[in-house]
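Below is one structure; the comments refer to it alone.
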Amino acid sequence: MNSTLQKALVCATIAALPLTMLTAAGCKKAAPQSIAEAGPAPISVESVAASMVDVPATLRVTGSLRGFRETDLAANAAGRVTQTVVERGSHVIAGQILVQLDTRAASLTASEARAQADSVRAQETQAKSECDRYEKLRAKGAITDLEFDRVATQCRTLPLSAEAATARARLAAQNVGDGAIRAPFAGVITERTVDVGEYVRQDTRIATLVALDQIRLEMAVPEAYVAKLKENSVVGFRVAAHPERLFKGTVRFVSGAVRPTSRDLVAEAVVDNADKALLPGMFADVELEVGRRQLPGVPRAALTTKDGQKHAFVVTGGRIEERILATGPEAGELVSVTRGITAGERVVIKNIDTLSNGQPVL
């Protein structure tokens, strides 16, 4: 008789004994395995295989942003500053007054010059009438040639004097106008260097004006990639102030020579900046297209962002594996992956927010 049968007979024989004795005799049932020990139940997921996609091969370089037009505004006239209309950061339109100088002395000089010019022009008109009269008298023999020549000389010189006086009046009026320093184009004041009460001379720097509707992206391209850089090609870049945005610019200016010390070539791209998101002085992380390459690609729906990094859930060995990916350019509905996944591996594309690393799958 085997041991199992013997144990059953013993338990049947002593069935009338107290429970404690039955337990001691080893007749209790084995406890079922706990749910915790069994682990989570496998789940059903929808996944697709990563496929190879053709995307641009890019070169990363560092660039810097400059205003498309940037100028230091200087005074054309000397005088004391009586008014400053703008501050650093002020947006101005073309022709707007930025700084006003004291023009009282210039205005008096201009008034005097105008009066002098009017006087000379009146003398010119009178001399012309006199010359016409003397011409008729000479034709009649009423005056000598010497007398006529004396009047004719005045007729020849007074127009020149009137022209000179008019020019002096215009110059004096311009000096008055130069007392109002105006913006030559629309933009933003990045610096104002004078205050009310200061005396400025001609060529004294007043302010710095930058046009922001467009921005220049200046970048240095390594010598090995110079042949890949063409005018009118499109470049993409990001800035720290707007990491989520990909800005695009068009290459407009390419230097004609490689710099001997750094062995690179300077190029500039023009970037539309209607919303003023980009500012001069910002650094840019630039991507230049230098060819094509094949990379694994996954659907956008397979990606989620955590702490600024792209994550995906890969089905491997019957479980979910969460991975951090480095992504590249997009190709239609797919996003290329430069690190973290290989072609053929399956990624989950639905309900990824409910998944966790290590979950079993059906």
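Throughout, read-outs are computed from the coordinates displayed, never taken from laboratory work. Keep in mind it's a predicted model, so treat the numbers as computed, not measured. Reconstructed Cβ throughout: ideal geometry from the backbone, glycine too, with neighbour counts over all protein chains shown.
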Within the range 104-177: Cβ-based charge dipole about Cα centre, in debye rounded to nearest 20 (Lys, Arg +1; Asp, Glu -1): 180 debye
Charge-dipole axis of the chain as Lys and Arg at +1 and Asp and Glu at -1 on Cβ define it, positive-most pick from GLN83, ALA186, LEU101: ALA186
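Quick one: dipole size for the chain, taken about the Cα centre, charges +1 on Lys/Arg Cβ and -1 on Asp/Glu Cβ, in debye to the nearest 20. Mind dumping the intermediate values first?
Details: 44 positive and 41 negative charges, 156 e Å.
Dipole magnitude for the chain comes out near 740 debye.
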Count of lysine pairs in the chain with Cα separation under 27 Å (8 or more residues apart, or interchain): 12
Options ALA49, THR305, VAL200, ranked by Cα towards positive dipole end of the chain, top entry (Cβ charges): ALA49
PHE148-ASN76 FRET efficiency (beta carbon distance; Förster radius 45 Å; 0.05 resolution): 0.45
GNM top mover of LEU98, LEU108, LEU295 - the chain, alpha-carbon springs below 10 Å: LEU108
The chain: most fluctuating residue of GLN154, GLN214, GLN100 per GNM, C-alpha cutoff 10 Å: GLN154
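For the chain, which DSSP H helices look membrane-span-like by this rule: Cα extent along the axis of 27 Å or more and mean Kyte-Doolittle of at least -1.0? Don't skip to the end; give the middle numbers.
On the way: long enough: 104-140 (55 Å, -1.11); 145-177 (49 Å, -0.12).
Result, helices passing both filters: 145-177.
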Two-site FRET efficiency, ILE97 against HIS242, from Cβ-Cβ distance with R₀ of 41 Å, rounded to 0.05: 0.75
Net lengthening on full extension, THR193/TYR225 (0.36 nm per residue, minus Cα-Cα): 7.3 nm
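Add +1 for every Lys or Arg and -1 for every Asp or Glu among the other residues with Cβ under 10 Å from the Cβ of VAL55, and state the total.
Working: positive: ARG292, ARG293; negative: ASP54, GLU289, GLU330.
Charge balance near VAL55 sits at -1.
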GNM result for the chain, Cα springs below 10 Å: residue of LYS136, LYS310, LYS248 fluctuating most strongly: LYS136
Charge dipole of the chain about the Cα centre (unit charges at C-beta), most positive-ward option of GLY328, ALA113, LEU146: GLY328
Whole-percent pair-distance distribution, where bins are 5 Å wide, for the alpha carbons of the range 104-177: 3, 18, 19, 15, 13, 9, 9, 6, 5, 3, 1, 0
Helix-only mean residue ellipticity at 222 nm for the chain, each DSSP H run of n ≥ 4 adding -39500 (n - 2.57), per residue, nearest 500: -8500 deg cm²/dmol
Total charge dipole magnitude, the range 51-210, about the Cα centre, Cβ charges on Lys, Arg, Asp, Glu only, Debye to nearest 20: 140 debye
Loop-located GluC sites (Glu not before Pro) in the range 261-349 whose Cβ has at most 15 other Cβ within 10 Å (DSSP): GLU333
Label-point separation in nm, ASP285 to PHE185, each point 7 Å along Cα→Cβ: 3.1 nm
